[in-house]
1. I'd like to verify a number: residues in region 169-184 that are surrounded by fewer than 18 Cβ atoms within 10 Å (Cβ to Cβ) and either of a type in the set (S, T, N, Q) or outside the structural domain of Asp255 (by TED's automatic domain parsing) (or both), how many?
2. Keeping to region 254-272, report how many residues are surrounded by 14 or more Cβ atoms within 10 Å (Cβ to Cβ) and more than 25 Å from the chain's Cα centre (by Cα).
3. Hey, among Thr107, Thr73, which residue is in the same structural domain as Leu148 (by TED's automatic domain parsing) and modelled with pLDDT under 95?
4. Residue by residue through region 310-324, note down the ones that are among the hydrophobic types (A, V, I, L, M, F, W, C) and either surrounded by fewer than 24 Cβ atoms within 10 Å (Cβ to Cβ) or in a helix (DSSP H, G or I) (or both).
5. Only one residue in Leu302, Leu307, Leu288 is under 23 Å from the mean Cα position of the chain (by Cα), part of a loop (DSSP other than H, G, I, E, B) and either more than 26 Å from Pro235 (Cα to Cα) or touching a residue at least 60 places away in the same chain (Cβ under 8 Å) (or both), so which one is that?
6. Could you list, in sequence order, the residues of region 206-224 that are β-branched (Val, Ile, Thr) and part of a loop (DSSP other than H, G, I, E, B)?
7. Can you name the number of the only condition in (1) in a loop (DSSP other than H, G, I, E, B); (2) closer than 30 Å to Thr180 by Cα; (3) without any contact (Cβ under 8 Å) to a residue 40 or more places away in the chain that Val227 fails?
8. When you check Leu280 against the structure, is it surrounded by 15 or more Cβ atoms within 10 Å (Cβ to Cβ), touching a residue at least 12 places away in the same chain (Cβ under 8 Å), in a loop (DSSP other than H, G, I, E, B) and aliphatic (A, V, I, L, M), yes or no?
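The values are calculated or read from the model by the stated rules, or taken from the named source; none is laboratory data. Note that the structure is predicted; figures quoted are calculated from it, not measured. Please note: Cβ atoms are built from the backbone with ideal geometry, for glycine as well, and neighbour counts cover all protein chains shown.
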Amino acid sequence: MTTPDLPLVSSGGCGDGCACGADEETYLECGLDPALAQLLADAGLDPVEVEDIANVALQEDLAHGVDVTTVATIPEDAVATADFTAREAGTVAGLRIAEAVMSVVCTEEFEVERHAEDGDRVEAGQTLLSVTTRTRDILTAERSALNLLCRLSGIATATRAWADALEGTGAKVRDTRKTTPGLRSLEKFAVRCGGGVNHRMSLSDAALVKDNHVVAAGGVAEAFHAVRERFPDVPIEVEVDTLHQLREVLDAGADLILLDNFTPAECAEAVALVDGRAALEASGRLTLEGAKAYADTGVDYLAVGALTHSSPILDIGLDLRAAE
């Protein structure tokens, strides 16, 4: 899909010396452009968290020093335009996050030209984002911005393949908590960009009774009742290994049940047994090639941890435009 060029926008820098050798106090005080922060919030992301992640990524690269190669080779007042360009086809995610990295680095105002939006299918050679600002700032931010953009676009691309495989069925692909430490909200955002849906974001916003909880509690129904009694308003999903366990938790009142390592035939039997009284999620033994077979059984979700723990990056590069 070719996305029409979107309006040119201007973004403010975040203060003299940000991420280019500033002391830690100044470094942590940087703020994103309000318009960019609003775009992040509209996408379901916390702008403060995105800024924190950008700071961590840049600090890892700079270690409170400077980009010695760039400082040595690029005049301080040089200005350039750079294009983020897809090297291969896929689904893009994290463009506004890449902008946030640039915003943290840039010591002057910079212009951003948006050619694509998160969730777009893009082709090899397609320009996604153009940035005009100090050349030093572009090159200092390049790797941190690309690390996040390529990683998130890879997750979105993998998710899109699953979503396409499930098209026409009633099932949705969704993620797990098998995420990169510190990047969960961004990686789950990428899943949404790819057409998937999110499972719980943390251990506190929903319960998932798994095999170890069952062992500790003395049974699957006992574990379910214990959670329901202690946290009556929290959504509870219960993992079951057998149809016998499924009957137990269904009778106990579970409204979301995870079918762990069930075959498609067993999933179909579970769907018939539940008969709409609870939502069902298939997990384990899932492959992209077999996705539709599971979806056709009538389950509501396919849980795919590989979306976030094993997706390859989408190859995206950043190139300075040649001087005219």
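1. 2
2. Going through region 254-272 one residue at a time, the tally reaches 10.
3. Thr107
4. Correct list: Ile313, Leu318, Leu320, Ala322, Ala323.
5. Being under 23 Å from the mean Cα position of the chain (by Cα), part of a loop (DSSP other than H, G, I, E, B) and either more than 26 Å from Pro235 (Cα to Cα) or touching a residue at least 60 places away in the same chain (Cβ under 8 Å) (or both) holds for just one of Leu302, Leu307, Leu288, which is Leu288.
6. Hits for region 206-224: nothing passes.
7. That leaves (1) as the condition not met.
8. Here the answer is no, as Leu280 does not meet what is asked.
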